[in-house]
Amino acid sequence: MLAEAGFPEPTLNHPVRDPITGRTREIDLAWAEIGIGLEFDGDGHRRTKGQWREDERRRDELASHGWTLSRANGKDLFWPTRILLRLRRTMAERGSHVPDEARVRGAVIDVGQRGLSTRIARRQG
């Protein structure tokens, strides 16, 4: 859907190394040249306090290295226009070339009409 809407191609699972801890963090979809990432938070990210705390720590570490992270969850897959327009605004603020709003909205309609899935992965048993 990102490609259909005219966004630049992201890097998948982009590694970012913390020079202080030596730990490497991965960003689901990243545009490293402008320091923007798109993260997908599934149910596993909210089930325990420990996981939630680790996710928040990770986001803070990445932010301290200049990354701006946009987050999406399962509901966003049913309403992709919201996440795409949010991503468009964030990328434009960083000076990136972005598709116009009409193209983004048109791509969402087109993908829906073609019956393509917006699912990230198969549901686990």
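The values are calculated or read from the model by the stated rules, or taken from the named source; none is laboratory data. Everything quoted here is computed from the prediction, not taken from an experiment. Backbone-built Cβ (ideal geometry, glycine too); neighbour counts: all protein chains shown. For accessibility, only protein heavy atoms count, side chains too; no ligands or nucleic acids. Shrake-Rupley method; radii C 1.70, N 1.55, O 1.52, S 1.80 Å.
Going by alpha carbons, how many degrees (0 to 90, nearest 10) lie between the helix axis of 80-93 and the longest principal axis of the chain? Relative to the chain, helix 80-93 is tipped by roughly 70 degrees.
Only helical runs count toward this figure. For the chain, summing -39,500 (n - 2.57) over DSSP H runs of n ≥ 4 and dividing by all residues gives -12500 deg cm²/dmol at 222 nm. Length gained on full extension, Glu26 to Arg103: 24.8 nm, using 0.36 nm per residue less the C-alpha separation. The overall shape of the chain is oblate: from the C-alpha gyration tensor, with semi-axes ordered a ≥ b ≥ c, the ratio a/c is 1.5 or greater and a/b is no larger than b/c. A simple spin-label model places pseudo-atoms 7 Å from Cα toward Cβ; at Glu54 and Phe78 they are separated by 2.8 nm.
Counting only DSSP beta bridges with both residues in the chain, the antiparallel share comes to about 60 percent.
Charge tally around Arg17: other residues with Cβ under 9 Å, Lys/Arg +1 each, Asp/Glu -1 each, net +1.
Rolling a 1.4 Å probe over the heavy atoms of the protein chains gives the chain an accessible area of 66 Å² per residue. The long axis of helix 101-113 is offset from the longest Cα principal axis of the chain by roughly 80 degrees. Computed over the chain with a Gaussian network model linking Cα atoms closer than 10 Å, the most mobile of Pro19, Pro99, Pro80 is Pro19. The length gained by stretching the chain between Thr68 and Gln113 to full extension, at 0.36 nm per residue less their Cα-Cα distance, is 13.0 nm.
Database remark: amide H of Leu69 closer than 5 angstrom to the amide H of Gly37 (H placed geometrically; neighbours at sequence offset of 5 or more, or on other chains; Pro and chain starts carry no H). Over the range 12-106, with every protein chain in place, what whole percent of the accessible area is carbon and sulfur at 1.4 Å, could you tell me? On the range 12-106, the fraction of accessible area on carbon and sulfur atoms equals 50 percent.
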